[in-house]
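Chemist: Take a look at the following structure, please.
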Ligand SMILES: CC[C@H](O)CC(=O)C(=O)O
Ligand SMILES: [Mn+2]
């Protein structure tokens, strides 16, 4: 169990998970301003990449406004003490992008796979270690597999050289006792650090993150103002305030975090990160948070309720990378509605 908080490292993901929320339209100036402010507050790591990780700027996932390598370079220039991290999903990003990110100064990569597919991470974890980067594993949709499977997959990542493995609650579907169970199982079975990445679709991201910390997770993700996919992530400045009240000494300036949340990140938020019916259904049905905007677009194209698409995707246990299924599901639901209405 963590006692003092000195061993806890926070990774701020508003410039990466938040990329989903702004349809990947961050400008270089925005990335510079957010990075500078986070760096001044003493943030440990700042993740900068397309929302779907390196190489994600495609028609399928959404084109970035600015090349992510340019954004990574800009963030590295602004960060005096924070380390710049990147996300990579093997198959979307390649070792080529990883080398480029490293060349531009990224010091840490989280190699993300679906919770049952850790075997595809070996090459990228190896390459990151060769490049001198910290290499961490990120097991996405962690709610969707039994705890024994999560442990087995995390052990694979550990065997490839990962220095930590995250329980990644991509759908914001986990409840605090389920987070506890998962983090404890990883702590009991791994030699390396354990991390937690939450989404707030069921309004329990801070509670889940505290549960993870209490079970010994030391790599913790947050997003200022929750800026992230779905209802967003664990709200960093709130988490830091709560941790401070609990006596953890994290070494990040809380007032500066509050100020930058209002003055620097607030103005970038396009809608609001509150939990509305779409994001609530993500957590309820266990669907990838980044699918929300795709499902809403598909719903308006076919004149149907986005919740029906999300519920169907949850039943189908669709995984990241299968975004093309969203349109198929919407088309089939619209066809079914027409048949039922006899039109
Ligand atoms: C599509 C990648 C995804 O956004 C990674 C992540 O943050 C998660 O699974 O929650
Ligand atoms: Mn996420």
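Chemist: Give the order of 255, 61 when sorted by the count of other beta carbons within 10 angstrom, beginning with the fewest. Before the final figure, lay out the partial values.
Modeler: Working: 255 9, 61 23.
Sorted ascending by nearby Cβ count, the order is 255, 61.
Chemist: What is the distance in Å between the Cα centroid of the stretch 239-258 and that of the stretch 52-109?
Modeler: Centre-to-centre distance over Cα atoms comes out at 28 Å.
Chemist: Between the stretch 140-159 and the stretch 168-202, how many Å separate their Cα centres?
Modeler: 10
Chemist: Listing 221, 324, 119 from the residue with the fewest other Cβ atoms within 10 Å to the one with the most, what is the order?
Modeler: Values: 221 30, 324 9, 119 12.
Exposure proxy ranking, most exposed first: 324, 119, 221.
Chemist: What would the Debye formula give as log10 I(q)/I(0) at q = 0.30 Å⁻¹ for the alpha-carbon point model of the stretch 153-203, no solvent?
Modeler: At q = 0.30 Å⁻¹ the computed log10 ratios are -1.13.
Chemist: Right, another one. Sort 192, 125 so that the residue with the fewest other Cβ atoms within 10 Å of its own Cβ comes first and the one with the most comes last. Intermediate results must be reported in sequence, preceding the final value.
Modeler: Values: 192 19, 125 26.
Least crowded to most crowded, the residues run 192, 125.
Chemist: Same structure, new question: Given points 7 Å out from each Cα along the Cα-Cβ axis, report the residue 297 to residue 81 separation in nanometres with one decimal.
Modeler: In this crude label model, residue 297 to residue 81 measures out at 4.0 nm.
Chemist: Another question about this same structure. Return the Cα extents of the stretch 176-226 along principal axes one, two and three, sorted largest first, each rounded to a whole Å.
Modeler: Result, largest extent first: 33, 20, 14 Å.
Chemist: Same structure, new question: Among 320, 222, 55, which one shows the biggest mean-square fluctuation in a GNM of the chain, springs joining Cα atoms closer than 10 Å?
Modeler: 320
Chemist: Sticking with this structure for a sec: Where Rh is the Kirkwood radius over the Cα pairs of the chain, the temperature 37 °C and the viscosity 0.692 mPa s, what D in µm²/s does Stokes-Einstein return?
Modeler: Numbers: Rh = 19.7 Å.
So the translational diffusion coefficient is about 166 µm²/s.
Chemist: Enter the angle in degrees (range 0 to 90, nearest 10) between the Cα long axis of helix 68-78 and the first principal axis of the Cα atoms of the chain, meaning the one along which they spread out most.
Modeler: It works out to around 30 degrees.
Chemist: Could you give the alpha-carbon Rg of the stretch 145-277 over 2.2 N^0.38 Å, rounded to two decimals? Intermediate values should be presented prior to the final figure.
Modeler: Values: Rg = 15.3 Å, N = 133, 2.2 N^0.38 = 14.1 Å.
Ratio of Cα Rg to 2.2 N^0.38 Å: 1.09.
Chemist: Mean 1/r over all different Cα pairs, inverted: what Kirkwood radius does the stretch 290-341 give, in Å?
Modeler: Working: mean 1/r = 0.0927 Å⁻¹.
Value: 10.8 Å, from the Cα pair sum.
Chemist: With springs only between Cα atoms under 10 Å apart, run a GNM on the chain and tell me which of 89, 239, 268 wobbles the most.
Modeler: Greatest mean-square fluctuation among the candidates belongs to 268.
Chemist: Please find, in a Gaussian network model of the chain (springs between Cα atoms separated by less than 10 Å), the residue of 199, 20, 294 whose mean-square fluctuation is greatest.
Modeler: Ranking 199, 20, 294 by mean-square fluctuation puts 294 first.
Chemist: As a check on your grasp of the helix formula, calculate [θ] at 222 nm for the chain: sum -39500 (n - 2.57) over DSSP H runs of n ≥ 4, divide by the residue count, round to the nearest 500. Show your work: numbers first, answer last.
Modeler: Working: 14 runs with 153 residues, N = 343.
Roughly -13500 deg cm²/dmol at 222 nm, from the helical runs in the chain.
Chemist: With everything on Cα atoms, drop me the angle between helix 324-341 and the longest principal axis of the chain, reported from 0 to 90° to the nearest 10.
Modeler: 30
Chemist: So for the chain: antiparallel DSSP bridges make up what percent, rounded to the nearest 5? Walk me through the intermediate numbers first.
Modeler: Values: 2 of 34 bridges.
That works out to approximately 5 percent antiparallel.
Chemist: Please compute, over every Cα-Cα pair in the stretch 258-309, the percentage with a separation greater than 18 angstrom.
Modeler: Details: 569 of 1326 pairs.
Summing the P(r) tail past 18 Å for the stretch 258-309 gives 43 percent.
Chemist: Further question on the same structure: For the stretch 245-343, what is the convex hull volume of its Cα atoms per residue in Å³?
Modeler: Details: hull volume 14.9 nm³, N = 99.
Once divided by residue count, the hull of the stretch 245-343 is 150 Å³.
A short reminder: the numbers here are calculations on the coordinates, not readings from a lab. Predicted model only: the values in this text are computed from it and were never measured. Every residue, glycine among them, receives a Cβ derived from its backbone with ideal geometry; neighbour counts consider all protein chains shown.
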